1. If each residue of separation counts as 0.36 nm, what is the full-extension length gain between LEU367 and ALA214 once their alpha-carbon separation is subtracted?
2. Amide H of ILE341 versus every other amide H placed in the peptide plane: which residues, excluding those fewer than 5 positions away on the same chain, fall under 5 Å?
3. Got a sec to turn the phi values of the stretch 237-245 into Karplus ³J(HN,Hα) couplings, 6.51 cos²θ - 1.76 cosθ + 1.60 with θ = phi - 60°, whole Hz, x for Gly and Pro?
4. Mind listing the long-range amide H neighbours of CYS106? Cut-off is under 5 Å, sequence gap 5 or more, other chains count too, H placed in the peptide plane at 1.01 Å from N.
5. Taking the alpha-carbon distance from LYS333 and a cut-off under 20 Å, which aspartates and glutamates remain once sequence neighbours fewer than 8 residues away in the same chain are dropped?
6. So what J values fall out for the stretch 354-362 if you push phi through Karplus, 6.51 cos²θ - 1.76 cosθ + 1.60 with θ = phi - 60°, rounded to Hz, Gly and Pro as x?
7. Taking only C-alpha pairs under 8 Å that are 6+ residues apart, what is the relative contact order of the stretch 244-344 in percent?
8. Residue by residue through the stretch 315-329, which ³J(HN,Hα) values in whole Hz follow from phi under the Karplus form 6.51 cos²θ - 1.76 cosθ + 1.60 (θ = phi - 60°), with glycine and proline marked x?
Amino acid sequence: MPMSAIHSWGDPSLFIKQIHVEESCLELPSTQEILARAKLPFTVISDFQELAPVPGHYPENLTAGKQHLLLCRNRGHFFKPCPATREYRCCEYQVLNIGMNCPMDCVYCILQAYLNKPWLTFFVNTDDLLAEMTAAFTAEPDRFFRIGTGEFTDSLALDRFTHLSKTLVNFMAGQPQGVLELKTKSAVIGNLKGLEHNGRTVVAWSLNSTQVMAREEIRTATLDERLAAARQCASWGYKLAFHFDPIIDHPGWRQGYRETITRLFDTVPAESIVWISMGALRYLPSLKNIGVGRFPQTRIFYQEFIEGLDGKSRYFRPHRVGLYQHIYTLLKKRASDQTCIYFCMESDEIWQEVMGYTPGERGGIPLMLDQAVRG
């Protein structure tokens, strides 16, 4: 019997079996707190050392690697612009890099093709992270920052161990020139309770049809768990966001997305949702072989695709438009007028065909999102 049938994966950190700590990080307060909370076996390794307990070659050893968590320093920058592409409209998101990889295993996850190490990484030099954010805000006092931690890992999947959400929410509460988005496929929200967030944190969930969630999103929270967590966060005064990305063509997709959207608005107050994004499946060509090799049962890569302007495989434009039009129509029927519905990495032509306008006509995607979250 698969482990997912034994218990819920609302907290995917349950998959982790061992922690490894770089020697120079062992005495850091955040490291000691994580070890105390996790109560898992841990080893101390030399800085930059490979993890011997994860045998085999990447990506074949990725599933086993996700049971190992490395605590180390981020020796580069924490705070960077989203790695977008100029060929498609971008929202000018700022990425806060808190770690790499996550214990969940989505068949379509682009990180499989970006990373080359199978284990999970969390950066424990939190003081450096906060100092870098403070410096960025100080350097551009007139700029409004939309910041997310979900680019290279899930924002909350490890939060039972790290409690980083508390640190970030408390920090952002005093930053009038920015908003933090915590994006997740988990239901790990316990640390968000009781915080004075001052409306500076948006809690967000990736959603899909229940068929895709069950078959292609391994060790993730169910739709019911995600929506119940979102409803709870709304009751704590948090603003919410949802991301239908990647939208995937599959048998019954029309009814599948209709069901998810119906359940979303039947569960979560529409007025709490500041934005909803849509993005059709797209992937680096190298991801197909990795995904099929690791998940031979999947069929999501066996559609007709074309190479997009960004070099990624995408559905043909008419097919993308059909997917988008169906989902956009369903969203518009239930969403608040104040909710910004937008595309992630699409062309003006797609915007015009589906929504009837281009971002430039409304000041651009960044302004649209800023207005939605600032009210």
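Every number in this text was worked out from the coordinates using simple rules, so none of it is lab data. As the structure is a prediction and not an experimental result, all values here were calculated from the model. Counting neighbours? That spans all protein chains shown, and the Cβs are built from the backbone with ideal geometry, glycine included.
1. Values: separation 153, 0.36 × 153 = 55.08 nm, distance 3.54 nm.
Using 0.36 nm per residue and subtracting the Cα-Cα distance, I get 51.5 nm.
2. Answer set, sorted by chain and number: ILE276.
3. Karplus-based 3J(HN,Hα) across the stretch 237-245 equals x, 6, 6, 10, 9, 9, 10, 8, 7 Hz.
4. The list, which skips near neighbours in sequence, is ILE218.
5. ASP245, GLU259, ASP266, GLU271, GLU353
6. Using θ = phi - 60°, the values come out as 8, 9, x, 7, 10, x, x, 5, 10 Hz.
7. Averaging sequence separation for qualifying contacts and normalising by length gives 43 percent for the stretch 244-344.
8. So the J values, rounded to whole Hz, are 4, 4, 3, x, 5, 4, 4, x, 4, 5, 4, 5, 6, 4, 4.
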